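Structure, as structure tokens:
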């Protein structure tokens, strides 16, 4: 490689890595897998080592810094001890070279190690002062991160105080200690949230890690609390004073567990690199049974005294550029399987989005048999040149959703012709249109049978009207038999219409009709959510129900009225106006009302309720009230709970360890109540 070629490649790689860092750390929307990202960084490191004069001239390299996850809207806090980044390897030889370097530095072969799961989540540092949780900060740039204390305190299972121990030999609780860990989402919670996204007609999240990262950076801790984030703790940051006997990673892990904090599910303390390699193999065999996604093993020198001797790579530079010489991450190669594409089908969703799916020769992948894999969209098919009959590599994105990663071109045969994405809806034959500003192709036909079926399923689902007995199979049966064609038709069904459909006709039919009748007066927010208005999920539907109190008032609302609702921007307001501006949608609402649907508005606050029309923000831990209890009391008094402080906030209810919301309230002059003052206000 010549100097000009090396210079051009360095510039190209640095730009690519910087762009990927932005998408991964700040936006939580990575476009490539970790393995591909690591390959880019390894190539850059090699070229910079071969051409040091070019690397020096180009300035700081992405290989020398930690990714920066800091976001606007959060208070930034300096870590007492920098959060460094680990060197990665996918190779046993490189792992053994890591051991050889330690042997040389320490002058002994007898090195004890710990081996822990490497969790694919969001790094965070918790500060406990005199045993109480006072702050939670993201990694940020390694030197400082975002204060996410209010959001972290919503995590179930995370104690806000360290559990005291009766063991006289146990080290005392330090005055100040930083404990590092990882925030994650379980697979089932990820699927639950994606189901809600689909029901709201919104884009699905790619994997649990991205969703956890996006959730912890929400400005509304009330929203964060609805997503069941979890945390596991494993690392030591600053500690003042350091207790006697607190001298190794393995003892630290035992103490973290004794304090009642959530820790990694499996932990090895071993001697020698051969035992490390054996432990990594054991971890690889069991990791898919863990609650969190595990993409590797973290290997650390166990003794803190040896860690101090070995030190950090990049010593003398900014703290954010440091990486420990005493630790490394062995990353497992992504789970992949090779199989063949038998066909490419396209699915039509409730919103009309047409999504391509690869129909595969069944193949075992990460412990499950995979028959289908997402192809994302037409652009991705073209970019990867995926064809029917191709052999492809399939991988589980975030170990959840199977996806086609690449084509095995060496096995392509002449029969595999370029795939042509359909120009018409596969169900109704309507010409597809491109999503404005997006990559999806859409069926614009409001009467498309598949769109109609999905809309009816959504309307009847638990997330919307929750009509007992009207599940997907029954909806399909009613449509097939021609008994319903639209949502309002549900409410015109009669027992005699249903009797021929099932052997247990009379009992089943009576139960279903009763279940439908019971939902004619369902809560207004459920009906609004069931209409499937773009951008309107369950929380937004509740806001609309509180503000307008009837379908007619909502239908007549102007954009100015809509954007005045806290949390509603122009995009959501325009979506609501566009939906009700459509003649067919207005006719459907009128038909619902004609069929006897009379939604129940939210209960009115008592006359003269002290919080009527007022917004209250909760922060900190109250002495006797849980957040849920305080919320119920606020709403019963006519108020609304918000997750963020603004000039429109009427009160901030602050408990112990209140964070940045309290500071903002003071800055804006918003009245602050403690629990006693809150109870006195309510009388």
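The values are calculated or read from the model by the stated rules, or taken from the named source; none is laboratory data. Source: prediction; values computed, not measured. Every residue, glycine among them, receives a Cβ derived from its backbone with ideal geometry; neighbour counts consider all protein chains shown.
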Flag for residue 300 being more than 30 Å from residue 392 (Cα to Cα), buried (at least 21 other Cβ atoms within 10 Å of the Cβ) and modelled with pLDDT of 90 or more: yes
Can you tell me which residues in the range 565-596 are within 28 Å of the chain's Cα centre (by Cα) and either in contact (Cβ under 8 Å) with a residue 60 or more places away in the chain or exposed (fewer than 14 other Cβ atoms within 10 Å of the Cβ) (or both)? 566, 567, 569, 570, 571
One residue is enough: does the range 579-601 have a residue meeting the conditions outside the structural domain of residue 489 (by TED's automatic domain parsing), closer than 22 Å to residue 637 by Cα and out of contact with any strand residue (DSSP E or B) (no Cβ under 8 Å at 6 or more places or on another chain)? yes
What number of residues within the range 97-127 are assigned to a helix (DSSP H, G or I) and under 30 Å from residue 211 (Cβ atoms)? 0
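Only one of 610, 589 is in contact with a helix residue (DSSP H, G or I) (Cβ under 7 Å, 6 or more places away or on another chain) and in a helix (DSSP H, G or I). Can you tell me which? Before you say what the answer is, go through the steps one by one.
Values: 610 fails: in a helix (DSSP H, G or I).
The match here is 589.
Looking at the range 247-262, can you tell me whether even one residue there is within 30 Å of residue 305 (Cα to Cα), part of a loop (DSSP other than H, G, I, E, B) and touching a strand residue (DSSP E or B) at 6+ places or on another chain (Cβ under 6 Å)? Can you show your working first?
Residues of the range 247-262 within 30 Å of residue 305 (Cα to Cα): 247-262.
From what's left, part of a loop (DSSP other than H, G, I, E, B): 247, 259-262.
Retained after the next criterion (residues that are touching a strand residue (DSSP E or B) at 6+ places or on another chain (Cβ under 6 Å)): 261-262.
Yes - at least one qualifying residue is present in the range 247-262.
From the list 309, 370, which residue is in contact (Cβ under 8 Å) with a residue 12 or more places away in the chain and surrounded by 17 or more Cβ atoms within 10 Å (Cβ to Cβ)?
When all the criteria are applied, what remains is 370.
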Look at the range 233-254 and say how many of its residues are crowded, with 17+ Cβ neighbours inside 10 Å and at pLDDT below 90. 1
Among (1) over 26 Å from residue 294 (Cβ atoms); (2) in contact with a helix residue (DSSP H, G or I) (Cβ under 8 Å, 6 or more places away or on another chain); (3) in a loop (DSSP other than H, G, I, E, B), residue 134 falls short only on (3)
